[in-house]
Every structure is written in structure tokens, then in C-alpha cells.
Amino acid sequence: MDPMIARVVMPKWGLSMTSGKITEWIASEGDEITDGDELADIDTDKIAGSLEASDEGVLRRVIARVGEDVPVGATIALIAPADVPEEEIEAAARQAREELDSGVVPEVGGPVTGTVEVGGRTLAYATLGEGEEHVVLVHGYGGDKNSWLFVQEPLAERHTVHALDLPGHGESAKDVGDGSLETLADAVLGFLAAKEIPRAHLVGHSLGGAVVVAAAAREPSRVTSLTLVAPAGFGDDINADYLRGFADATSRRELKPHLTALFGDPARVTRQLADDLMKYKRIDGVDKALHTLVDTLLRPLDVRPLLSEVDVPVTVVWGRRDAVVPVSNAASLENVSFVDDAGHMVHMEAPSAVVEVVP
């Protein structure tokens, strides 16, 4: 295939994803495409999201049909400069369609998972990419490494990207000790030491934002930059009803109304998302961990003095429709990018806004 023709493939969003379904083509054949443009809405067995372009040119051909189940790695569209001959586009499109119809598509490896021991706790992580510089993604309260599914893949094109499960979350040990910011920051720094990563760009969401600030203040020589996504710890305006409701919910019916606070578009809260979170909440030790961490978040949490000790580039991304940690908390921060239609999970609703600001 002509090297000027770029294949748009079904991405691997999450460790368990094997296929996706295009629910809508946002871009049309003939459209000029730039890096970060939304191409299509894709539904998976876990969550729906928008696929963003990583190439520039013209959308010359749409291969996959709306409603079609497409294996991960299959070509769903072709992007190329306008001067690439039509016959070359047609030949590439025919080959892509034949591969899709046969089900024989290039294998997509996805992240490599593993665990490390830090402070007597097992921490789970997923690593993608082979770049010289390292990025560590730190989720928020009640999240896990899979919450970065739309961010990790594009960042891995130029970095080695590690998505970490904090203590009490995901596949990590459920013991959070006193649940303090210091304990969680120790987990991040211990991960860097265990993986022999001398310096890293730290990206933290919500509680994870406060955690990476504390880690950077503790060991500034280990941190290259900070990217804070709707971070906790920069003001007193926080949705306590959401935090307590999430911790206390004992059924999907009780949990789902609280989850709508996470997104600018409540339709993103699917039954599958609620079911997955309830499975997590029923694991031994999770209930205690979540209630301990709620206390950390709701006692006055102020990391602004810690940030003042950090001399590295700091960028911030915040959804204007955030109903958990509202944008009013950004008043003391500089270099803030606001995303109009996104809520608290801005890295899932507008991932390119996060990808663009990570150095």
C-alpha cells in the first residue's frame, strides 16, 4: 500500500476489548482531517467513545459500515493527501474490505500488564509504547487504569505510558492504610522506583491529581511535568453527595444515579459501566477502602502549598460541566484548558484535550 495512505483502525480501548461497533461516522468522505479530529463514535462492550484522528489529510474512503462489528486492528477508513491517485485508494479500500469480511486482521498487542510490590502492597499496572520518555497515568477515586483507555493509546505513539491502579482500586491490593495523600503518593513513587524509571511525566485525574502533586513535592527530581485533570485539592467546592453515594451504594439501582454526575453527557453511563463498578465494589476490602478515601477527600484537602514547591511545567484540563469537582476550584491555577461540553471524566469525553497538553 502507498505509504501516503494512512489506515484508520479499530482501536484497542481497554485490556479486554476484542471488537467495536461504529454507531455514527462523524466525518464524511472528502472531509479535510487534522490530528485530533473526531472521526466516528464507537461502542464497545464496556463504554462508548469517539475515535480521534492521528493522521492528517483527506478522508478518502470509509470502509466499515455503521452497526458493523469490527475486530480490533481492522481498517475502518483511509486517510491520504488529495493527490494520491483514486485507483490506489480503491485498491487499498478493496484489500481492507476483504480483510474485514474474512475476519483475518493484523493483531493488536495492546498494553502489557504486570504487578510490582510497593510498601507491602501489590500494585497493578498496564504499559503501552516504547518511547524514551515515560508517562504515568493516575486515576481518581473509584477509578482504575482502564479509565485512561482513550488517552493511553495516542500518548503511547511517542512515550512509554504506564496506567497505574492505586491501592484500593482495580487489581491492586485493597489495603489503603490510613488513606492519606502521603500513602497514595508513596505508591506512585514506589512504582517509579520498582520499574527503575528515573523521571516521568505524571498525569493525575481528580484524587489522582492531588496524588501526583504530592508525589512531585516529595521527590521533585523524579518528575518531568505534571498534567492535572479536574484535580482535587484546589478548593472546597466538591460534590460530597456523589462521593458518599458512590461509597454507600449496594446495588446498581442505587449506584447509577450517582454516576450521571461524572459525565457532561449522562447517556455515557451505561448499564455495563454500572455493573462493572458494582462488581468492583463487592470485592473484599473495597468498601473499607472507599470509605477511608472519602474521609481523605472530604476533610479539607489543599495541595496548593505543595504545588508551590514544584518547579516543573504544570498544565490543567477541566470540563466546564464538571459536577463532582466544579471548575470554580480552578481559580488559583494557571495554564488551564477548559472543555465546554465535558464533565468530570474529561479524559474520557474529550481525550485529545489531555493528550495535547502532555509534553
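The values are calculated or read from the model by the stated rules, or taken from the named source; none is laboratory data. Treat the numbers as computed from the prediction; the structure is a model and nothing was measured. Ideal geometry is used to build each Cβ from the backbone, glycine not excepted, and the neighbour counts take in all protein chains shown. The protein model used for the area step is the full one, side chains on, heavy atoms only, and it has no ligands, DNA or RNA in it. Shrake-Rupley method; radii C 1.70, N 1.55, O 1.52, S 1.80 Å.
Things to note:
- Residues of segment 144-167 that turn out to be open to solvent by 20 Å² or more (accessible area, probe 1.4 Å) and not in a helix (DSSP H, G or I), as a count: 3
Here is a yes/no grid of residues against (1) free of Cβ contacts under 8 Å to residues at least 60 places away in the same chain; (2) out of contact with any Gly (no Cβ under 8 Å at 6 or more places or on another chain); (3) aliphatic (A, V, I, L, M); (4) not in a helix (DSSP H, G or I):
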position	(1), (2), (3), (4)
272	no, yes, no, no
289	no, no, yes, no
295	no, no, no, no
305	yes, yes, no, no
311	no, yes, no, yes
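- Among the helices (runs of 4 or more DSSP H) confined to segment 190-262, the ones with at least 1 residues that are surrounded by fewer than 16 Cβ atoms within 10 Å (Cβ to Cβ) and either more than 23 Å from the chain's Cα centre (by Cα) or of a type in the set (Ser, Thr, Tyr) (or both) are located at 240-248, 252-259.
- Between 180, 221, 206, the distinction of being within 23 Å of residue 330 (Cβ to Cβ) and among the hydroxyl-bearing types (Ser, Thr, Tyr) belongs to 206 only.
- Taking first residues from segment 82-93 that are in contact (Cβ under 8 Å) with a residue 24 or more places away in the chain and under 11 Å from residue 61 (Cα atoms) and partners that are surrounded by 10 or more Cβ atoms within 10 Å (Cβ to Cβ) and among the basic types (Lys, Arg), the Cβ contacts under 6 Å between residues at least 6 apart in sequence or on separate chains come to 89/60; 89/61; 93/61.
- So residue 12, is it touching a residue at least 12 places away in the same chain (Cβ under 8 Å), open to solvent by 10 Å² or more (accessible area, probe 1.4 Å), among the basic types (Lys, Arg) and touching a helix residue (DSSP H, G or I) at 6+ places or on another chain (Cβ under 9 Å): yes
- Looking across segment 289-347, the residues that are of a type in the set (D, E, K, R) and under 19 Å from residue 180 (Cβ atoms) come down to 295, 299, 302, 304, 309.
- A residue that is under 22 Å from the mean Cα position of the chain (by Cα) and either within 29 Å of residue 274 (Cβ to Cβ) or surrounded by fewer than 22 Cβ atoms within 10 Å (Cβ to Cβ) (or both) can be found somewhere in segment 55-64.
- Residues (under 17 Å from residue 153 (Cβ atoms), open to solvent by 30 Å² or more (accessible area, probe 1.4 Å), of a type outside the set (D, E, K, R) and outside any strand (DSSP E or B)) located in segment 22-54: 54
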